[in-house]
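Q: To start, I am sharing the structure in question, which I have written as structure tokens.
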Amino acid sequence: MVLEAFNESLVLGEVEIPALKPGQVLVKLGAAGVCGSDVHMWNGEDPRTPLPIILGHEGVGTIEDIKGGKYTVDGCELKSGDSIIWNRGITCGKCYYCTVLKEPSLCTARRVYGINIPGSEKPYVNGCYADYIVLRANTDIFTISGSIDPAVLVSASCSGATAAHAFDMLTDNLIGWTVVVQGAGPLGVYAVAFASSLGASQVIVIEGSVPRLEICREFGATRLLNLHEISFDKRRSMVMDCTNNLKNL
Ligand SMILES: [Zn+2]
Ligand SMILES: [Zn+2]
């Protein structure tokens, strides 16, 4: 499905996928996520968006074909039939951000499937709103073990990765910490899951949707504050009470 013009319907197209180059992986998509960024891009609000483009930067799929050897980030050789998820960003591995700062998401040459690679660029299937995508040789790939529904797992490649990165910048574990998550969209739910799995003693969520608050409870939130029922001042004092009124943190 191709975005040819902003604010217009996506157009069903057909392309001939070129022969794979060494290290490229042909993936049959099992699920593709719709991220808030996709809506901004469709609106023309994201300056990175080239036209035409196949949107969709969150994908999960099965390997259909590989040219030559290609390994997962853990060093295991990939083979046809493997279920995989991948890093949506491809980075240069050479610039200051990639090598010195070790912050590849800031790479000045970063390409992102479904975000800044046009549909006119070989191998054409560069986004996840398609039957197939071709992953380039320098893509970080992970195999999926067990039977996880691709539709459930797919958001891990955007909001999941973003929340994971936020916690990477904190500390190895959160034992004894209190974490307050404001907003329970996908990023917030992943933040609850990571905070809880890293051992936070208290995970407090502030949100206005009751079903989303309940999802957060399933993912390990210990206290749910409904912002439609509890005033700002009251929420603030409840959080301060939970943290023994510690300030300047
Ligand atoms: Zn996204
Ligand atoms: Zn770089």
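Q: Sorted from largest down, what three extents in whole angstroms do the Cα atoms of the stretch 194-249 have along their principal axes?
A: 29, 29, 12
Q: Give the percent of DSSP beta bridges with both residues in the stretch 153-225 that are antiparallel, rounded to the nearest 5.
A: Approximately 10 percent, going by the DSSP bridge assignments.
Q: Let me ask another. Can you list the lysines whose alpha carbon sits under 20 Å from that of LYS234, skipping same-chain ones fewer than 8 residues off?
A: Once the sequence-local lysines are set aside, what remains near LYS234 is LYS247.
Q: Could you check what % of the DSSP bridge pairs in the chain are antiparallel, to the nearest 5?
A: Rounded to the nearest five, the antiparallel share is 70 percent.
Q: What does the accessible area of ASP131 come to, in Å² to the nearest 10, when a probe of 1.4 Å is used?
A: 110
Q: Still on this structure, I have one more. Round to a whole number: what % of the accessible area of the stretch 134-179 belongs to carbon and sulfur, probe 1.4 Å?
A: Of the solvent-accessible surface of the stretch 134-179, carbon and sulfur hold 58 percent.
Q: Straight-line reach from LYS70: which lysines fall under 19 Å, measuring Cα to Cα and dropping same-chain residues less than 8 apart?
A: LYS21, LYS28, LYS79
Q: With unit charges on the beta carbons (Lys and Arg positive, Asp and Glu negative) and the dipole taken about the Cα centre of the chain, which residue among ASN226, VAL34, SER196 sits farthest to the positive side?
A: It is SER196, whose Cα lies furthest towards the positive end.
Q: Just to confirm, what accessible area per residue do you get for the stretch 1-106 at 1.4 Å probe, in whole Å²?
A: I get 56 Å² per residue for this part.
Q: Follow-up. Any number yet on Rg/Rh for the stretch 1-77, C-alpha, Kirkwood?
A: Reported Rg/Rh, Kirkwood definition of Rh: 1.04.
Q: In the calculated pair distance distribution of the chain, what percentage of Cα-Cα distances lie above 23 Å?
A: 58
Q: Still on this model: Do me a favour and compute the ellipsoid semi-axes for the stretch 121-173 from its Cα gyration tensor, root of five times each eigenvalue, largest one first, whole Å.
A: They are 26, 16, 11 Å, listed largest first.
Q: What ranking, highest mean first, results for peptides 48-61, 96-109 when packing means the other Cβ atoms within 10 Å averaged over each residue?
A: 48-61, 96-109
Q: Let me ask you something else. Where a ≥ b ≥ c are the square roots of the eigenvalues of the C-alpha gyration tensor, would you call the stretch 137-249 rounded, which needs a/c under 1.5, or, failing that, prolate if a/b is larger than b/c, or oblate?
A: Note, shape of the stretch 137-249 comes out prolate.
Q: First check a/c for the stretch 68-119, with a ≥ b ≥ c the square roots of the eigenvalues of its C-alpha gyration tensor; if it is under 1.5, answer rounded, and if not, answer prolate when a/b is larger than b/c or oblate otherwise.
A: Taking the square roots of the gyration eigenvalues as a ≥ b ≥ c, the stretch 68-119 is oblate.
Q: Another question, if that's okay. Compute the acute angle (0 to 90°) between the alpha-carbon long axis of helix 159-168 and the principal axis of greatest extent of the alpha-carbon atoms of the chain; round to the nearest 10°.
A: Its long axis makes an angle of about 60 degrees.
Q: What does the accessible area of GLU229 come to, in Å² to the nearest 10, when a probe of 1.4 Å is used?
A: Surface accessible to solvent at GLU229 totals approximately 150 Å².
Q: Where a ≥ b ≥ c are the square roots of the eigenvalues of the C-alpha gyration tensor, would you call the stretch 1-144 rounded, which needs a/c under 1.5, or, failing that, prolate if a/b is larger than b/c, or oblate?
A: It comes out oblate by the Cα gyration axes.
Q: Can you tell which of ASN173, LEU153, LEU3 lies farthest toward the positive end of the dipole of the chain, using +1 and -1 charges on the Cβ of basic and acidic side chains (Lys, Arg; Asp, Glu)?
A: Going by the charge dipole, the pick is ASN173.
Q: Okay, next question. Counting only other residues whose beta carbon sits under 12 Å from that of TYR132, what net charge do I get with K and R as +1, D and E as -1?
A: Counting the neighbours of TYR132, the net charge comes to -4.
Q: Show the residues, 5+ positions off or on another chain, whose built amide H is closer than 5 Å to the amide H of VAL125.
A: The list, which skips near neighbours in sequence, is VAL134.
The values are calculated or read from the model by the stated rules, or taken from the named source; none is laboratory data. The structure displayed is predicted, hence computed values, not measured ones. Reconstructed Cβ throughout: ideal geometry from the backbone, glycine too, with neighbour counts over all protein chains shown. SASA here: full protein model, heavy atoms, side chains in, ligands and nucleic acids out. Shrake-Rupley method; radii C 1.70, N 1.55, O 1.52, S 1.80 Å.
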